[in-house]
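What follows draws every value from the coordinates through simple rules; no lab data is involved. Keep in mind the model is a prediction, meaning the values are calculated, not measured. As a convention, Cβ positions derive from the backbone with ideal geometry for all residues, glycine included, and neighbour counts pool all protein chains shown.
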Amino acid sequence: MQTLQRRTLFKALATAGISLGTIGLSACSKETLKADGANAKGKTVLIIGGGFAGATVAKYVKRFDPEVNVTLIEPKTTYMTCPASNWYLAGLIDVQTLTHDYETLKTQHGVAVIHQLATAINPQKQTVSLEDGRQLSYDRLVVSPGIDFKYEAIEGYSAEVANLFPHAWQAGPQTELLAKQIQAMPQGGRFLMVAPPNPYRCAPGPYERVSMIAEYFKKHNPTASIMILDPKDKFSKQALFAEGWQDLYGQMIEWYGSQDGATVTKIDVASKTVFSDFDTIQADVINIIPPQKAGKIAFTAGLTDESGWCPVDQDTFESKIHSNVYVVGDASNAGTMPKSGHSASSQGKMCAAAIVSSLNQLPMPPTRNVNTCYSLVGADYGISIVGVYQNQDGRLSEIPGSGGVSTKGAPLSERKLEAEYARGWYKSIVKDIWHS
Ligand SMILES: Cc1cc2nc3c(=O)[nH]c(=O)nc-3n(C[C@H](O)[C@H](O)[C@H](O)COP(=O)(O)OP(=O)(O)OC[C@H]3O[C@@H](n4cnc5c(N)ncnc54)[C@H](O)[C@@H]3O)c2cc1C
């Protein structure tokens, strides 16, 4: 009989290298675990989006219960990661290092991969429509489309203008365009970043980006300047970034926040100018990272609320709007968890466990999620922040004392070590999701 016993799920988790503590499945009531005869064999899980969240769910549903049919719907045949894309801007790595395919998911895990855009979801009939006209049925659906942009929030900005002033906040051609613009910037020119308001993907990402651009300029354009106009009054790991900028780049990077009136409301493409109460600024290269919301299909399917993100159960990631539909990764509202690749993958594992439990009619134990965010301030200068999160009163919140942040004023030897950890983190997470 193919029934998945709950202890088999625990065993699968352990085999997958996930300790109960890490994944957050409590071991407290193991001896009472009994399957009730439910059988997930032949049940179908569809997953929309093959990024950090969706690709993790695909792998781990199959790992936890190989009898389930898993199909991943993703238009791209290769996926370029945003994590480490700032390192590429600094010239520290190449595009190939950032690029991953779906072969291991297909050949080693038996995931079916369809390279199509999902265009509609019918939660009543439990079907998904694809761009080529096909319609697929599901028992459980995972929606993990990442983010979309509120272009209209900045007058004069649009998807078209992003081809001139790239956001590079979804990796791919945008990242390569921004790299080319940085390389072509005149000596002594100005690079301007318009940072996004909360919540957005990768809280430290904009500040790692300017660090990596400074790393590039230091070698290739030492008289260049970098300005950040930010609608926030503070940002992630701010004191650590400020310390690193001072140590490595002197006065090259200037940051202005909402307290300075630096919220950009309008741009003029022809004159390469941005407007804010702080000042009207012209620049040679302009990187605009607009405000963000859940990926389009989440809106089309009615999975979002007024926040622009998808409300979900904070243990299983099942949508609070449509049953048998789960939303993981950046598109979900995961309480205070940062929107990151690490969070997305952690959530993907929880969600896979929840789906396999539900298909086998097993109870889902309480969960825990982990986030780690490394940032390179320089090629050999790393900093990090980590936290463990659990559902507290219906909201994923950091467990007090569970995490931490790099020490301010630490010796350079420690920063160098953290830079190595950052590179190790990247290698291990992409290996886990796409290559093993
Ligand atoms: C510059 C930068 C640096 C970052 N650095 C880090 C870091 O160091 N560490 C970290 O943890 N995080 C980092 N992040 C954040 C990380 O990239 C995101 O949080 C992560 O990608 C979220 O994963 P996701 O699966 O939710 O979305 P995504 O990775 O964006 O994946 C979504 C996928 O869904 C697909 N899709 C969308 N719509 C559809 C549809 N209708 N049908 C089918 N497929 C669809 C897309 O093609 C895409 O492949 C960084 C982000 C940026 C921008």
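So here's what we get for this one:
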{"read-out": "Relative contact order %, segment 275-388, counting alpha carbon pairs below 8 Å whose residues are six or more apart", "value": "16 percent"}
{"read-out": "Amide H contacts of I147 (H built 1.01 Å from N, under 5 Å, at least 5 apart or other chain)", "value": "G295"}
{"read-out": "Computed [θ] at 222 nm, helices only, for the chain once each DSSP H run of length n ≥ 4 contributes -39500 (n - 2.57)", "value": "-8500 deg cm²/dmol"}
{"read-out": "Under-5 Å amide H pairs with Q116, H placed in peptide plane, nonlocal only", "value": "E74"}
{"read-out": "Contour excess over end-to-end distance, with Cα ends at E67 and E131 and 0.36 nm allotted per residue", "value": "20.2 nm"}
{"read-out": "Under 14 Å from K416, Cα to Cα: aspartates and glutamates that are on another chain or at least 8 residues apart", "value": "D247, D380"}
{"read-out": "Net dipole in debye of the chain [+1 Lys, Arg Cβ; -1 Asp, Glu Cβ; about Cα centre; nearest 20]", "value": "1280 debye"}
{"read-out": "Top positive-direction residue, dipole computed over segment 62-139 with Cβ charges, set I121, T77, H109", "value": "I121"}
{"read-out": "Those lysines that a straight Cα-Cα span of less than 17 Å connects to K218, excepting residues fewer than 8 apart in one chain", "value": "K180"}
{"read-out": "Prolate/oblate/rounded call for segment 265-418, Cα gyration tensor, a/c under 1.5 rounded", "value": "oblate"}
{"read-out": "Cα shape, segment 347-436, gyration tensor, a/c 1.5 rule", "value": "oblate"}
{"read-out": "Relative contact order, percent, the chain [alpha-carbon distance under 8 Å, six or more residues apart]", "value": "19 percent"}
{"read-out": "Over segment 181-316, relative contact order from alpha-carbon pairs under 8 Å, at least 6 apart, %", "value": "28 percent"}
{"read-out": "Cα-based reach from K150 at 18 Å (exclusive), listing lysines while leaving out same-chain residues under 8 positions away", "value": "K232, K266, K293, K296, K339"}
{"read-out": "With at most 13 other Cβ atoms within 10 Å, longest stretch of the chain clear of loop GluC sites (Glu not before Pro) (DSSP)", "value": "161-305"}
{"read-out": "Entries of K237/K349; K59/K219; K41/K349 with Cα pairs more than 30 Å apart", "value": "K59/K219"}
{"read-out": "Alpha-carbon centroid distance for the pair segment 156-228 / segment 397-428, whole angstrom", "value": "24 Å"}
{"read-out": "Prolate/oblate/rounded call for the chain, Cα gyration tensor, a/c under 1.5 rounded", "value": "prolate"}
